[in-house]
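What follows is one structure encoded as structure tokens, with my remarks underneath.
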Amino acid sequence: MTGVVVLTGAGVSAESGLATFRAADGLWEKHRIEDVATPEGFARDAGLVHSFYNARRAALKKARPNRAHLALAEFEREHRGDFLLVTQNIDDLHERAGSGNVAHMHGELLKMRCGKCEKVFPIDCGIDAREKCPGCDVAGYLRPDVVWFGEMPYHLPRIERAIANCALFVSAGTSGNVYPAAGFVGAAKSAGAKCVELNLERSANGGWFDEGRYGLASEVVPEFFAARAGTGA
Ligand code: APR
């Protein structure tokens, strides 16, 4: 039986109305990464960082899973083998579509973490830097449970094990600009997996893939996985 690993990026959530990062109207065109997605930026101005993520949490409330999310959840249900969905996305649209085995390597928008006691809590509204931690009751240390640039992504051992044992690696909706995610295709190729890219356009590491299908995620993702549903391939 073949193990399958799928890596998703912001392009999978774009048709649900959530902004991507590097498009002409992307998040990194409107905000400086160093201000809102680094520990240094948070230390400089926690309020600015909270307002950035509070706005993304508000946008997520209005978003619904699209056909790409739903197709991945259906494939996982019918697949007769190991399956891991690795996502760079911090939204919960994969889970709301029914995906179960999801590794959020960049953390989750709907969780906050206390920088003092390290406890993690669910959150679905705005966070204020001055709020007290529900765990240690100390104020001023709450942050989004999101992995910032310069921080270690989550779940890497689990992800590396799954890739080392997969026969099919599919990358969907990511520009292939950010490591270690952008390097996963190299590890999958070393493991002998077939590597497929499903994206709006050929990504920065597109040359690594055996096959590329280009178009809207809500179309190319369902098409690709429908042809494999239940086959174990
Ligand atoms: N269907 C398919 N692909 C799409 C769609 C769509 N509707 N819309 C955009 N795309 C593609 C773009 O062509 C691009 O290649 O999705 C990709 C999005 O790229 P980025 O905006 O760079 O997002 P991503 O690859 O997820 O970024 C990776 O960078 O800043 C960090 O932490 C952030 O997790 C993020 C990481």
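Points to keep in mind about this one:
- Proximity of backbone amide H atoms, modeled 1.01 Å from N, is registered between L142 and G115 at under 5 Å, excluding neighbours fewer than 5 places apart on the same chain.
- Within region 1-134, the proportion of C-alpha pairs whose separation exceeds 19 Å stands at 55%.
- Note, ³J(HN,Hα) from phi for region 80-94, Karplus 6.51, -1.76, 1.60, rounded to Hz, x at Gly and Pro: 9, x, 5, 9, 9, 9, 9, 10, 7, 7, 9, 7, 10, 5, 4
- Rough spin-label spacing in nm, given labels placed 7 Å along Cα→Cβ, for E34 and R64: 4.2 nm
- Net charge of neighbours whose Cβ lies under 12 Å from the Cβ of D210, counting Lys and Arg as +1 and Asp and Glu as -1: +1
- Prolate/oblate/rounded call for region 107-233, Cα gyration tensor, a/c under 1.5 rounded: prolate
- Whole-Hz couplings from phi, Karplus 6.51/-1.76/1.60, listed for region 109-119; x for Gly and Pro: 5, 8, 10, 10, 10, 8, x, 9, 9, 6, 5
- In this structure, the pairs whose alpha-carbon distance is over 32 Å, taken from K62/K119; K62/K194; K116/K194; K30/K111, are K62/K194; K116/K194.
- Relative contact order (%) - region 161-216, alpha-carbon pairs under 8 angstrom, separation at least six: 36 percent
- Region 1-39: trypsin sites (Lys or Arg not before Pro) in DSSP loop, at most 12 other beta carbons within 10 Å: R32
- Stokes-Einstein D for region 155-225, Kirkwood Rh over Cα pairs, 25 °C, 0.890 mPa s (µm²/s): 201 µm²/s
- Calculated FRET value between S190 and S51, using beta carbons and R₀ = 41 Å, to 0.05: 0.45
- Averaging the sequence gap over all C-alpha pairs within less than 8 Å and six or more residues apart, then dividing by the number of residues, gives the chain a relative contact order of 25 percent.
- Cut-off 9 Å between beta-carbons: net charge of the residues surrounding N101, Lys and Arg +1, Asp and Glu -1: -2
- In the frame of its principal axes, the chain has Cα extents of 52, 35, 31 Å, reported largest first.
- Computed over the chain, the per-residue total of -39500 (n - 2.57) for DSSP H runs of n ≥ 4 gives a 222 nm mean residue ellipticity of -8500 deg cm²/dmol, rounded to 500.
- Volume per residue that the Cα convex hull of region 68-170 spans, once the total is divided by residue count, Å³: 120 Å³
- 13 Å beta-carbon shell around F149, net charge (K/R +1, D/E -1): -3
- Annotation: amide H of R213 within the under-5 Å range of E197, L198, N199, sequence separation 5 or more or interchain, hydrogens built in the peptide plane.
- Sites matching GluC sites (Glu not before Pro) across region 36-132 that sit in DSSP coil, with at most 16 neighbouring C-beta atoms within 10 Å: E118, E131
- Cysteines not pairable in the chain (beta carbon separation under 4.7 Å absent): C125, C166, C195
Every number in this text was worked out from the coordinates using simple rules, so none of it is lab data. All values reported here derive from a predicted model rather than from experimental measurement. Please note: Cβ atoms are built from the backbone with ideal geometry, for glycine as well, and neighbour counts cover all protein chains shown.
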